[in-house]
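A quick write-up on the structure given underneath.
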Amino acid sequence: MSVEAKTNPKFVPVISVKSVMKKLSYFLFVFLFLFVADPVLSQSTEFVDPGHMTCSTNHYTEAFFQKYPEQRELAEKARKQLDAETLLYSAAKDTEDDLLIIPVVFHIVHLGGDENISDEQVRSAIDVMNEDFTASNSDIGEVVDEFAGIVGDVQMEFRLAKIDPQGNCTNGINRIFSVFTDEGFENMKQAAPIWDRSSYLNIWVCRQIGEGTAGYTFQPSSVNGIFGQAIDGIVILHNYVGRIGTSNGTRSHALSHEVGHWANLSHTWGGSNTPGVDSNCGDNDDVADTPNTIGWTSCNLNGVTCGSLDNVENFMDYSYCYKMFTQGQSNRMRAAMNSSIAQRNQLYSPANLAETGLLEPAEICFADFITDKTPKICAGQEIQFEDISYNEVEERIWTFEGGTPSTSSEVTPTVMYEDEGVYSVTLSVSNSQGLELVVKEGLVNVIEEAQQVAPLAEGFENMNNLEEDSDWIDVNQDNSAIGWSLTPQTSFSGDQCVFVRGRNNQDYQQEVLESPVFDISQMEDVEFSFKYAHARRNANSDDGFRVLISRDCGETWILRLDLDIMNLPTVSGNRPGQFIPESDDDWEEVVISTIGSFFMTDQFRIKFEFINVKGNNIFIDDINIYDPNSLSVQNNDYVRDLTLFPNPATAQVALRLDLNKNQNARIDLVDALGRIVQSPFNGLLTSGSQNIQIQLDPTLHSGIYFVRLTSSDGVATRKLMID
């Protein structure tokens with residue numbers, strides 16, 4: 001399914017055991033809408049019109065049944081079995097339930113944005129789920145009196161897995177970089193394949209599902225058998241996970257709502273998707289102690305829709321003030337967890353808990369840390385470090401060579417570096433089971449002063465390795481093996497340039513190239529130019545390219561150029577193979593004049609960002625930072641006026657001069673790298689006003705040039721654009 005064709009899934013209604021008529025009508029319904037999912041409305045408690053939702057389940061449902069037509073009969077048989085097992089469980093229950101421990105894996109499907117939620121936010125979600133399913137949430141004592149006596153303690157505990165399906169150490173958080181974070185359906189699950197559903201509760205976290213949809217899942221009967229094994233689990237938006245980070249306390253219970261469906265609960269009003277629209281008082285949720293209701297999208301604790309007080313605070317409503325499950329709902333979920341339907345009863349078995357690492361004391365099996373910025377900074381700046389080691393670190397000791405503080409035991413310490421130098425960072429993590437150590441030699445590079453003083457001409461010549469032989473930094477944003485590198489295969493000038501082999505890159509990889517620190521504080525005006533070449537691969541190419549600048553050594557960045565696939569390519573048509581510019585006509589020059597005095601500091605930096613989506617290679621050459629009015633000025637008091645017209649020019653340009661005395665002088669045309677490309681005059685210039693016609697060399701490329709007047713009294717220049 002394409003991103004454009006994404007739909008909102010709908011949840012299958014559960015057969016009513018209270019009404020034979022409803023059972024018959026359900027049989028008719030199930031053949032049309034059985035294998036479907038349940039969206040949770042993503043609105044505030046004030047929102048009272050759920051009619052904005054669009055639910056297009058027919059295509060998804062029918063596509064599934066057409067591919068696996070035998071699934072219809074299998075699902076109906078499983079539903080009947082679960083209903084019977086639920087009745088037996090409820091009738092036989094006379095003791096307190098044992099705690100069921102459920103191994104969990106979170107698949108974080110992301111493109112590097114906010115949807116790539118932190119480990120801490122995932123752990124917050126586990127905390128909320130455990131509170132909700134053991135009736136230990138902090139507001140459980142606030143349940144209205146009418147329902148306080150039937151609060152259900154499901155006695156289910158969720159724990160992040162510690163061993164993955166291959167037997168390797170894990171923290172139960174699986175991160176996948178994929179465009180399908182915006183699809184939210186089966187393509188996403190193929191990009192982040194399910195871990196065996198008989199061993200793990202799978203939860204996929206993404207950026208987008210469908211309009212109005214926060215999450216969905218499948219009831220056990222719908223995914224029973226082999227056809228459901230690859231898709232059984234919960235999909236949830238990142239901002240409905242936990243109560244910190246991108247989520248909050250109100251939205252945090254949406255995941256408990258979805259786990260309720262995964263464990264065989266319907267909405268409190270029955271099987272429809274939208275309360276008050278597709279529901280009526282004849283519907284119910286097959287749970288005896290939840291009053292019939294048409295459902296709520298706001299928190300009305302006195303609400304009555306079907307003759308009695310509604311259980312608005314139920315996790316299976318849309319009220320967003322939910323606090324509780326009922327005892328009947330607890331029994332229904334426990335019965336489903338005791339059933340072999342969709343292999344739910346295998347999850348908490350001692351054998352599975354051992355295989356997923358939940359029975360043995362946690363062993364630290366991975367030690368590492370990350371930083372909040374490229375660890376090449378200016379003196380006086382800070383870096384935040386984050387410990388991402390696992391599992392269950394009890395003690396950590398950081399050592400920051402050259403930093404303040406020099407040691408720390410925090411998870412995310414912030415460290416200042418005041419003195420120029422190259423420094424190492426060490427992290428030791430331990431618990432009662434052992435110790436792991438990670439040392440990153442020379443990680444932090446602190447720069448005391450600007451590495452270069454503008455004007456600058458960078459052509460990437462005389463280098464064998466970009467980072468070893470220069471101060472440019474290839475920031476590997478998404479841990480790809482592509483990155484920016486030198487190539488001698490092509491260039492606009494000289495022998496080589498830098499490029500990204502986008503033709504071989506994974507879609508949506510972000511490749512970043514950061515400049516050294518430049519001192520442009522003494523310039524009167526400043527412009528920045530570079531030449532680049534790029535081509536489409538095919539009609540689906542969607543590459544993007546951005547240029548950002550910083551006045552504070554990369555502490556903050558401001559966007560100055562943003563090119564999408566409509567205006568990025570420098571050549572026409574598609575280039576399905578490896579694009580390499582073959583002539584100067586394949587290149588274009590970009591001039592950024594919107595820098596401004598605010599950025600004219602001694603900590604100026606440039607950042608190039610290339611994002612590849614089914615695209616091709618990009619090349620950069622001839623990066624220049626210069627004063628648009630003067631490359632260098634020694635003493636030009638003898639020049640009262642120096643004007644060029646037309647400007648831009650094509651074939652010729654007139655130079656208007658006004659001198660205060662006779663001068664022996666030379667006039668040169670200089671390119672942006674400072675090279676003389678034409679010398680139209682060398683001789684005596686008289687005082688006063690005069691015009692000199694310059695015929696431009698037809699072999700000159702379009703771009704930025706400077707007309708330079710040189711005499712014994714000084715140098716004066718003016719910028720010339722050649723089209």
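Of all residues in region 391-413, which are over 28 Å from residue 173 (Cβ atoms), of a type outside the set (Gly, Ala, Ser) and surrounded by 15 or more Cβ atoms within 10 Å (Cβ to Cβ)?
401
Need pairs with beta-carbon distance below 7 Å; first residue in the same structural domain as residue 285 (by TED's automatic domain parsing) and at pLDDT below 90 and within region 76-97, second outside any helix (DSSP H, G or I) and not aliphatic (A, V, I, L, M); sequence gap 6+ or separate chains.
That search, which allows pairs on different chains as well, returns 97/155.
Only strands (runs of 3 or more DSSP E) wholly contained in region 442-494 count here; list those with 1 or more residues that are modelled with pLDDT under 85 and either farther than 30 Å from residue 400 by Cα or of a type outside the set (Phe, Trp, Tyr) (or both).
So the answer is 456-458, 473-476.
Taking residue 561 as the residue in question, decide whether it is more than 13 Å from residue 604 (Cα to Cα) and not basic (Lys, Arg).
Judged against the criteria, residue 561 is a match.
Read through the list (1) more than 30 Å from residue 400 (Cβ to Cβ); (2) surrounded by 21 or more Cβ atoms within 10 Å (Cβ to Cβ); (3) of a type in the set (D, E, K, R), then give the number of the only condition that residue 289 fails.
So the condition that residue 289 fails would be (2).
Sort out which residues of region 389-408 are of a type in the set (Gly, Ala, Ser), more than 29 Å from the chain's Cα centre (by Cα) and part of a loop (DSSP other than H, G, I, E, B), and write them in order of number.
402, 406, listed by residue number.
Could you grab me the full set of residues in region 288-331 that are among the polar types (S, T, N, Q) and in a strand (DSSP E or B)?
Selection gives 314, 326.
Out of curiosity, is residue 653 closer than 22 Å to residue 459 by Cβ, of a type outside the set (Phe, Trp, Tyr) and outside any loop (DSSP other than H, G, I, E, B)?
no
Have a look at 139, 196, 164, 153 and point out the one that is assigned by TED's automatic domain parsing to the domain that holds residue 290, at pLDDT 95 or above and closer than 24 Å to residue 321 by Cα.
It is 153.
Are any residues in region 668-723 among the small types (Gly, Ala, Ser), surrounded by fewer than 12 Cβ atoms within 10 Å (Cβ to Cβ) and at pLDDT 85 or above, and if so, which ones?
Result: 683, single match.
Report the residue count in region 504-540 for those that are surrounded by fewer than 21 Cβ atoms within 10 Å (Cβ to Cβ), at pLDDT 90 or above and of a type in the set (S, T, N, Q).
3
State yes or no: is residue 543 touching a Cys at 6+ places or on another chain (Cβ under 8 Å), in the same structural domain as residue 590 (by TED's automatic domain parsing) and either surrounded by fewer than 20 Cβ atoms within 10 Å (Cβ to Cβ) or in contact (Cβ under 8 Å) with a residue 24 or more places away in the chain (or both)?
no
Quickly run through region 112-126 and pick out the residues that are at pLDDT below 95 and either closer than 13 Å to residue 160 by Cβ or in the same structural domain as residue 511 (by TED's automatic domain parsing) (or both).
Residues satisfying the conditions are 119, 120.
Check whether at least one residue in region 218-228 is closer than 17 Å to residue 333 by Cα and in contact with a Pro (Cβ under 8 Å, 6 or more places away or on another chain), and report yes or no.
no
Identify, by number, the condition in (1) surrounded by fewer than 17 Cβ atoms within 10 Å (Cβ to Cβ); (2) out of contact with any Asp or Glu (no Cβ under 7 Å at 6 or more places or on another chain); (3) modelled with pLDDT of 95 or more; (4) of a type outside the set (Val, Ile, Thr) that residue 384 doesn't meet.
Looking at each condition in turn, residue 384 falls short on (2).
Among the residues of region 672-706 satisfying the criterion of being of a type in the set (Gly, Ala, Ser) and part of a loop (DSSP other than H, G, I, E, B), which is farthest from residue 456 (Cα to Cα)?
Once the filter is applied, the top-ranked residue is 687.
Can you name the number of the only condition in (1) without any contact (Cβ under 8 Å) to a residue 24 or more places away in the chain; (2) of a type in the set (Ser, Thr, Tyr); (3) in contact with a Pro (Cβ under 9 Å, 6 or more places away or on another chain) that residue 404 fails?
Status for residue 404: all satisfied but (3).
What are the pairs with Cβ atoms under 7 angstrom where one residue, in region 575-587, is charged (D, E, K, R) and the other, located anywhere, is outside any loop (DSSP other than H, G, I, E, B)? Sequence gap at least six, or different chains.
Correct list of pairs: 575/536; 586/533.
Every residue in region 369-388 that is part of a loop (DSSP other than H, G, I, E, B) and either assigned by TED's automatic domain parsing to the domain that holds residue 113 or within 21 Å of residue 514 (Cβ to Cβ) (or both), please.
372, 373, 374, 375, 379, 380
Select from region 80-113 the residues that are over 30 Å from residue 182 (Cβ atoms) and hydrophobic (A, V, I, L, M, F, W, C) and list them in ascending order.
82, 84, 87, 88, 91, 92, 99, 100, 101
Scanning region 248-268 for residues that are part of a loop (DSSP other than H, G, I, E, B) and in contact (Cβ under 8 Å) with a residue 40 or more places away in the chain, which turns out nearest to the chain's Cα centre (by Cα)?
Of everything passing the filter in region 248-268, 250 is nearest to the chain's Cα centre (by Cα).
Output the residue which, of all residues in region 322-374 that are acidic (Asp, Glu) and more than 21 Å from residue 233 (Cα to Cα), is surrounded by the most Cβ atoms within 10 Å (Cβ to Cβ).
Filtering region 322-374 for residues that are acidic (Asp, Glu) and more than 21 Å from residue 233 (Cα to Cα), the one surrounded by the most Cβ atoms within 10 Å (Cβ to Cβ) comes out as 363.
Got at least one residue in region 635-648 being within 31 Å of the chain's Cα centre (by Cα), in a loop (DSSP other than H, G, I, E, B) and crowded, with 16+ Cβ neighbours inside 10 Å?
Looking for residues that are within 31 Å of the chain's Cα centre (by Cα), in a loop (DSSP other than H, G, I, E, B) and crowded, with 16+ Cβ neighbours inside 10 Å, one finds none in region 635-648, hence no.
Kindly provide the set of residues from region 274-283 that are modelled with pLDDT under 85 and either over 13 Å from residue 318 (Cβ atoms) or crowded, with 24+ Cβ neighbours inside 10 Å (or both), ordered by number.
279, 280, 282, 283
When you scan region 324-359, how many residues do you find that are within 30 Å of residue 434 (Cα to Cα) and without any contact (Cβ under 8 Å) to a residue 40 or more places away in the chain?
Residues that pass the stated criteria total 5.
Looking at region 542-601, which of its residues are touching a strand residue (DSSP E or B) at 6+ places or on another chain (Cβ under 9 Å) and on the phi > 0 side of the Ramachandran plot?
553, 554, 573
Would you check if residue 426 is modelled with pLDDT of 95 or more and within 29 Å of the chain's Cα centre (by Cα)?
Yes, satisfied.
Restricting to region 602-619, count the residues that are in contact with a strand residue (DSSP E or B) (Cβ under 6 Å, 6 or more places away or on another chain) and among the basic types (Lys, Arg).
2
The values are calculated or read from the model by the stated rules, or taken from the named source; none is laboratory data. These numbers were taken from a predicted model, which means no experiment stands behind them. For neighbour counting, all protein chains shown are included, and Cβ atoms are generated from backbone atoms with ideal geometry for every residue, glycine included.
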